[in-house]
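**Student:** Please find one structure pasted underneath; my questions will follow.
Where a number appears in this text, it was derived from the coordinates with a stated rule and is not lab data. The shown structure was predicted, so the numbers you read here are calculated from the model rather than taken from an experiment. Note: ideal-geometry Cβ built from the backbone for every residue, glycine included; neighbour counts use all protein chains shown.
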Amino acid sequence: MIQARLEEVRRRIASAAQAAGRDAGAIHLIAVTKTVSAQQAAEAVAAGIANLGENRVQEGIAKRAALGRQGRQVRWHLIGHLQRNKARLAAETFDVVHSVDSVDLAARLGQVVRPAGKLGALVQVNVSGEASKHGCRPEEAKPLVQAILEQGRLDWLGLMTMAPWSEDPEAAAPHFRRLRELRDRLRSDLLSPEQREAGVGRELSMGMTGDFEAAVREGATMVRIGTAIFGEREG
């Protein structure tokens, strides 16, 4: 079942990419295993998933341990809100943190020495302005990216956002477009031509089960898919 769902998600990503004149190979599919069993996560890895996303640090620790060698073959992404007091655990467990939303959190993550190398960091931006959403305001993104660039143990990968829920997936498109435009401005203002050429800050983590095709058309390079792969879940 997971194999068939994955094939359908990949087909839809490829179709949306083609419609936008993009290379589907440049879009990373992150299978979100929130509340999913380790066995199901293992099935997704066996089916070709190279990126797993978790919302909570402790759940990520437990699942990574349960997957053993298989878990060491994938890249682990923390996509949920990160509390400051769990920054060290997050940096030690995950390869990428999508939810860096303050200079203080960036500093805490940057203090952690990782044998595996730099921690990938995406700045979470609340482009919709919803009070229920985490993330910095768009105008706060520039000093936050500057702080990450100054941290020798962090690698600024780009930006992340969550669009407001809507029954119409296309309603998310303007929010995704604003994130892409903000990413482009930040790269132009803060990076050297050499850094831009090397791909620093190019990633856009946006799009989930309900709106990932709109995200792909607006430039997403990482889509975070749970339900479309694993089915409806509790929690």
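**Student:** Peptides 221-227, 66-72: what's the order by average Cβ count within 10 Å, highest mean first?
**Tutor:** Peptide ranking by packing, descending: 221-227, 66-72.
**Student:** Follow-up question, since we're still on this one. What is the extension gain from Ala50 to Asn85, computed as 0.36 nm multiplied by their sequence separation minus the C-alpha to C-alpha distance, in nm to one decimal?
**Tutor:** So the extension gain works out to 9.8 nm.
**Student:** Now a separate question. Considering only the chain, what is the antiparallel percent among its DSSP beta bridges, to the nearest 5?
**Tutor:** 0
**Student:** Once you order the gyration tensor axes a ≥ b ≥ c over the Cα atoms, which shape class does the stretch 128-235 get: rounded for a/c under 1.5, otherwise prolate or oblate by comparing a/b with b/c?
**Tutor:** Note, shape of the stretch 128-235 comes out prolate.
**Student:** Going through the DSSP H helices of the chain, which span 20 Å or more along their own axis at the Cα atoms while scoring at least -1.0 as a mean Kyte-Doolittle hydropathy? If you can, show how the numbers build up before the last one.
**Tutor:** Values: long enough: 2-19 (26 Å, -0.38); 173-190 (25 Å, -1.29).
Those that pass (Cα extent of 20 Å or more, hydropathy at least -1.0) are 2-19.
**Student:** A further question follows. Kindly state, to the nearest 0.05, the FRET efficiency for Ala14 paired with Arg153, given R0 = 41 Å and r defined as their beta-carbon distance.
**Tutor:** Efficiency, rounded to the nearest 0.05: 0.70.
**Student:** With r as the distance between the Cβ atoms of Asp184 and Glu232 and R0 = 35 Å, compute the FRET efficiency 1/(1 + (r/R0)^6) and round to 0.05.
**Tutor:** FRET efficiency, Glu232 to Asp184: 0.45.
**Student:** Quick one: check the C-alpha center-to-center distance for the stretch 31-98 versus the stretch 160-235, whole angstrom.
**Tutor:** 20
**Student:** Still on this structure: In nm, to one decimal, how far is the modelled label at Arg177 from the one at Arg72, with both set 7 Å along Cα→Cβ?
**Tutor:** 4.7
**Student:** May I pose another question? Using only DSSP helix segments of four residues or longer, with each worth -39500 (n - 2.57), what per-residue ellipticity at 222 nm results for the chain after dividing by its residue count and rounding to 500?
**Tutor:** For the chain, the value works out to -12000 deg cm²/dmol.
**Student:** To make sure I understand the rule: partners must be lysines, Cα under 28 Å from the Cα of Lys34, and not fewer than 8 residues away in the same chain. Which ones qualify?
**Tutor:** Lys63, Lys86, Lys118, Lys133
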